[in-house]
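What follows is a single structure, written as structure tokens, with notes after it.
The values are calculated or read from the model by the stated rules, or taken from the named source; none is laboratory data. This one's a predicted model, so the numbers in the text were calculated from it and none came from an experiment. When we count neighbours, we look across all protein chains shown, and the Cβ atoms used for this are built from the backbone with ideal geometry, even at glycine. Note: accessible area is taken over every heavy atom of the protein model, side chains too, but ligands, DNA and RNA are not part of it. Shrake-Rupley method; radii C 1.70, N 1.55, O 1.52, S 1.80 Å.
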Amino acid sequence: MKRNFIILMLVLLTGISSFAQVKFGSDIYSRYVWRGLDLGDAPAFQPSFSFAIGGFSIGAWGSYAFPTSLKTYAENDLYASYAFSTEGVGSFTLLFTDYYFPSSGIKFSDFEKNGGAHTMEAGVIYSGPENFPISLSAYLNVHNDPDNSSYIQVGYPITVNDATVTLAAGFVPSKSTYYLTNKGTIINLSITAAKSIAITDKFSIPINVSYIANPALDVTYLVFGASFTF
């Protein structure tokens with residue numbers, strides 16, 4: 001697995017040409033709540049960069065709780081995706097993500113199937129056409145998860161004045177230690193309001209606020225976030 005992963009990354013990197021689009025920046029969140037789970041129990045700094053050629057993208061994304069220490073939650077992911085559209089039906093994105101957690105104390109080079117440093121996930125995202133902009137996404141852990149946990153989410157955006165309000169619900173269909181549940185259940189109910197604040201004619205800052213509930217853990221969160229992407 002380790003050798004195959006390295007070969008894949010080398011192939012992807014050598015495919016980047018001068019025609020690639022480069023994006024980089026960071027998000028700042030009051031809490032990192034992912035699929036109904038609070039990761040880090042602290043404000044989070046989330047840098048990212050990506051290269052895209054047509055519908056194909058590769059990139060890196062991280063989340064670091066702050067203030068930091070040697071034991072503070074840290075995440076550093078690599079991903080590859082391919083997006084394409086179908087006329088009148090909507091768009092699809094195929095996604096493969098390698099999750100790595102430096103704060104776990106496991107070395108990056110450990111690609112063991114069980115207990116290693118990397119959890120790998122395959123996913124597909126569907127976004128409906130403009131007249132019915134529903135979103136559907138499904139993810140499956142394919143490496144380093146004995147439960148092969150899966151997660152499915154549906155979302156629907158509504159425009160309210162100059163903001164977008166998105167309703168979303170996510171669930172796991174079966175027992176998953178990864179998602180902290182011993183049966184299939186809903187783990188994420190959220191409502192998110194998002195808009196962009198114009199700073200200049202060419203630069204704006206997207207901001208959002210989410211109210212998130214995890215019925216399985218009987219807990220709720222109110223999260224603010226801002227994005228700075230170039």
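Dipole size of the chain about its Cα centre, with +1 on Lys/Arg Cβ and -1 on Asp/Glu Cβ: approximately 280 debye, rounded to the nearest 20.
Since only L95, Y73, G54 are under comparison, the one whose Cα sits farthest along the positive direction of the charge dipole of the stretch 19-104, derived from C-beta charges on Lys, Arg, Asp and Glu, is Y73. Over all directions, the projected convex hull of the C-alpha atoms in the stretch 56-128 averages 6.2 nm² in area. Partners of K195 within straight-line reach, counting aspartates and glutamates whose Cα lies under 20 Å from its Cα and excluding those fewer than 8 residues away in the same chain: D27, E130, D162. Sequentially through the stretch 36-44, phi angles give Karplus couplings (6.51, -1.76, 1.60; θ = phi - 60°) of x, 10, 7, 9, x, 6, 6, x, 10 Hz, Gly and Pro residues having no value and appearing as x. Estimate the FRET efficiency between E112 and V22 by the formula 1/(1 + (r/R0)^6), using the beta-carbon distance for r and 30 Å for R0, to the nearest 0.05. Given R0 = 30 Å and the Cβ-Cβ separation, E is 0.35.
What the Cβ-Cβ distance of L222 and I186 gives, at R0 = 25 Å and to the nearest 0.05, is a FRET efficiency of 0.85. Take the Cβ atoms of T164 and S104, set R0 to 35 Å, and the FRET efficiency comes out at 0.50.
Could you state the accessible area per residue of the chain in Å², with a 1.4 Å probe and every protein chain left in place? Don't jump to the answer; show the numbers that get you there.
Values: 13190 Å² over 230 residues.
On a per-residue basis, the chain sits at 57 Å².
Taking all protein chains in place and a 1.4 Å probe, what share, in percent, of the accessible surface of the chain do carbon and sulfur account for? That fraction is 63 percent. Three principal axis extents describe the C-alpha atoms of the chain; from largest down they are 50, 49, 40 Å. Along its principal axes, the stretch 86-149 has C-alpha extents of 47, 21, 15 angstrom, given from the largest down. So which GluC sites (Glu not before Pro) in the stretch 31-131 pass both tests, a DSSP loop state and at most 16 other Cβ atoms within 10 Å of the Cβ? Hits after loop and neighbour filter: E87, E112, E130.
A helix-only calculation puts the chain at -2000 deg cm²/dmol for mean residue ellipticity at 222 nm, using -39500 (n - 2.57) for each DSSP H run of at least four residues, averaged over all residues.
Positive end of the dipole of the chain (Cβ unit charges, origin at the Cα centre): among T220, T159, S174, the Cα lying farthest that way belongs to S174. With the largest listed first and rounded to whole Å, the semi-axes of the equivalent ellipsoid of the stretch 148-227 from the Cα gyration tensor are 31, 12, 11.
Here the label points at A194 and T86, each 7 Å from Cα along the C-beta direction, are separated by 2.4 nm in the simple model. Relative to the current alpha-carbon distance between V124 and N148, full extension at 0.36 nm per residue lengthens the span by 7.1 nm.
Find how much the distance from K175 to T93 grows on full extension, using 0.36 nm per residue of separation minus their present alpha carbon separation; answer in nm with one decimal. Please report the intermediate quantities before stating the final value.
Values: separation 82, 0.36 × 82 = 29.52 nm, distance 2.64 nm.
Using 0.36 nm per residue and subtracting the Cα-Cα distance, I get 26.9 nm.
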